[in-house]
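The values are calculated or read from the model by the stated rules, or taken from the named source; none is laboratory data. On a predicted model such as this, the values are computed, not experimentally measured, just so you know. As a convention, Cβ positions derive from the backbone with ideal geometry for all residues, glycine included, and neighbour counts pool all protein chains shown.
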Amino acid sequence: MTTHPVLSPLQLGELTLRNRVVKTATYESMTAGGQVTDRLIDHHATLARHGVALTTVAYGAVHPDGRTFDDQLLIDDKTVPGLRRLADAVHVEGGAVSLQLAHCGGFCKRPASDGRAPGGPSAGWNPYGIMHGLPRIRPLEEDELQGIVDSFASAAVRAQQAGFDAVEVHCGHGYLLSQFLSPIFNHRKDAWGGSLAGRAALSVEVVRAVRSAVGPGFVVLVKVNTSDGVASGLELAESIEATRLLVSAGATAVVPSGGLVQRSAFFLMRGDLPLKAMIAAESHPMQKWALRLFGPFLVRQVPYTPTFFFDAALAMKSAISAPVGLLGGVEGDHTIRRALSAGFDFVVMGRALLADPDLIDRLAAGEAAETRCTHCNACVGEVGAVGVRCVLE
């Protein structure tokens, strides 16, 4: 029996992965009080048990002000023991584990620690926070930016101390680093704005600080938008240039993605629009009402096609020296083979592995396995209600 090409080992920095399958960060909603829970540990251990090489724990806030809402995982000294238990559980199953490091910036419904409005690159509106009395975004000041850089580095060290094999610096999807990269949000006239080099400066400083903190061989992935998915946003040419800067600053590998949670959330997923499930899962009465009233106009559906980031990610792959993975619509045997044949170093899967955690086992057994995921995106609605899961279970 011929071994499936995705099952060949992959070397990233000092880390040898047993195959080329990475589970992308999909927010688990299993961190009540900002802490690691048994459900979160079991979720990632199960993925490793079924053959995933590197599973990514989603959205680890590097600072208390970096959480969009209260129950997101906060990477501080109190969470290290729980993270260690999680890493140990994944390692027992033969897998490796990465922690996504993020800061929400102005996309937030929590006031800052000092009571001020959420901070972003520039002044602007915060529709996500309107129902929580936080309609405005204030520009972050110089000392705050340096503090954020330090917070990313400290969070990376905590992940390393907890036994994690990698971290992923989140520079995409409209969170803080993405806000600075995007000309839609960043209107600064100082060294942190203007040209692409200025808009990329915060991401570059974060990656440089993380690399310095964890040492030369530890794996530092970066997730970047190939496109913001909206007019006048970050597009591929600038994204490639920014990614070159991130690789030069110390990134080990790149996960190309796209979309902004504030304006084009389903650009990064594609498929059906589960508004009813999202409304049902929303706990805040006013937010529920607003979603019911304005959701059909503000949340745009984007048609699904397999490997929907393929062309943009391939252009990035050809332009940079670091390993690049293919994310977005990787469904199973056929699309995995297409990605690896095109030169991608690994594949990054989300919904397919939620629907079929045993997909890699089936490929290893010689089956031309494909996911049963229908791209209904009902899992998005499930996140707020019961935690991330496939409704086809």
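Okay, here's what the table says:
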read-out: Candidates S113, S151 - the one that is at pLDDT below 95 and either closer than 19 Å to Y59 by Cβ or hydrophobic (A, V, I, L, M, F, W, C) (or both); value: S113
read-out: Filter result for V149 (outside any helix (DSSP H, G or I) and either among the aromatic types (F, W, Y) or touching a residue at least 12 places away in the same chain (Cβ under 8 Å) (or both)); value: no
read-out: Residues located in the range 325-337, provided they are surrounded by fewer than 18 Cβ atoms within 10 Å (Cβ to Cβ) and out of contact with any strand residue (DSSP E or B) (no Cβ under 9 Å at 6 or more places or on another chain); value: R337
read-out: Residue in the range 92-108 that is at pLDDT 95 or above and among the β-branched types (V, I, T) present; value: yes
read-out: The range 106-135, subset of a type in the set (A, V, I, L, M, F, W, C) and part of a loop (DSSP other than H, G, I, E, B), residue nearest to the chain's Cα centre (by Cα); value: F107
read-out: Search result, residues across the range 93-134 that are over 30 Å from V52 (Cβ atoms) and loosely packed, with under 15 Cβ neighbours inside 10 Å; value: S113, D114, G115, R116, A123, W125, P127, G133
read-out: Complete set of residues in the range 135-151 that are in contact with a strand residue (DSSP E or B) (Cβ under 7 Å, 6 or more places away or on another chain) and surrounded by fewer than 16 Cβ atoms within 10 Å (Cβ to Cβ); value: P135, R136, E144
read-out: Hey, H63 in contact with a helix residue (DSSP H, G or I) (Cβ under 8 Å, 6 or more places away or on another chain) and free of Cβ contacts under 8 Å to residues at least 60 places away in the same chain or not; value: no
read-out: Of the criteria (1) crowded, with 21+ Cβ neighbours inside 10 Å; (2) of a type in the set (V, I, T); (3) modelled with pLDDT of 95 or more, which one T68 fails; value: (3)
read-out: Residue tally, condition among the hydrophobic types (A, V, I, L, M, F, W, C), crowded, with 17+ Cβ neighbours inside 10 Å and out of contact with any Gly (no Cβ under 6 Å at 6 or more places or on another chain), over the range 81-92; value: 4
read-out: Meets criteria (hydroxyl-bearing (S, T, Y), outside any loop (DSSP other than H, G, I, E, B), in contact with a helix residue (DSSP H, G or I) (Cβ under 6 Å, 6 or more places away or on another chain) and buried (at least 24 other Cβ atoms within 10 Å of the Cβ)) for S178; value: no
read-out: Members of the range 58-103 that are among the polar types (S, T, N, Q), within 17 Å of the chain's Cα centre (by Cα) and within 27 Å of P118 (Cα to Cα); value: T68, Q72, Q100
read-out: Test: residue in the range 185-203 that is closer than 12 Å to L101 by Cβ, under 18 Å from the mean Cα position of the chain (by Cα), in a loop (DSSP other than H, G, I, E, B) and not basic (K, R); value: no
read-out: Hey, Q146 among the polar types (S, T, N, Q) and within 20 Å of the chain's Cα centre (by Cα) or not; value: no
read-out: The range 338-393: number of residues that are in contact with a strand residue (DSSP E or B) (Cβ under 7 Å, 6 or more places away or on another chain), outside any loop (DSSP other than H, G, I, E, B) and small (G, A, S); value: 2
read-out: The range 300-324, residues that are closer than 14 Å to G229 by Cβ and touching a Pro at 6+ places or on another chain (Cβ under 8 Å); value: F309, A312
read-out: Any hit, the range 72-88, residues being closer than 20 Å to L221 by Cα and without any contact (Cβ under 8 Å) to a residue 24 or more places away in the chain; value: no
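Quick grid of which residues meet (1) touching a residue at least 40 places away in the same chain (Cβ under 8 Å); (2) β-branched (V, I, T); (3) farther than 30 Å from L17 by Cβ:
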position: P111; (1), (2), (3): no, no, yes
position: P121; (1), (2), (3): yes, no, yes
position: W125; (1), (2), (3): no, no, yes
position: A153; (1), (2), (3): yes, no, no
position: Q161; (1), (2), (3): yes, no, no
position: A166; (1), (2), (3): yes, no, no
position: P183; (1), (2), (3): yes, no, yes
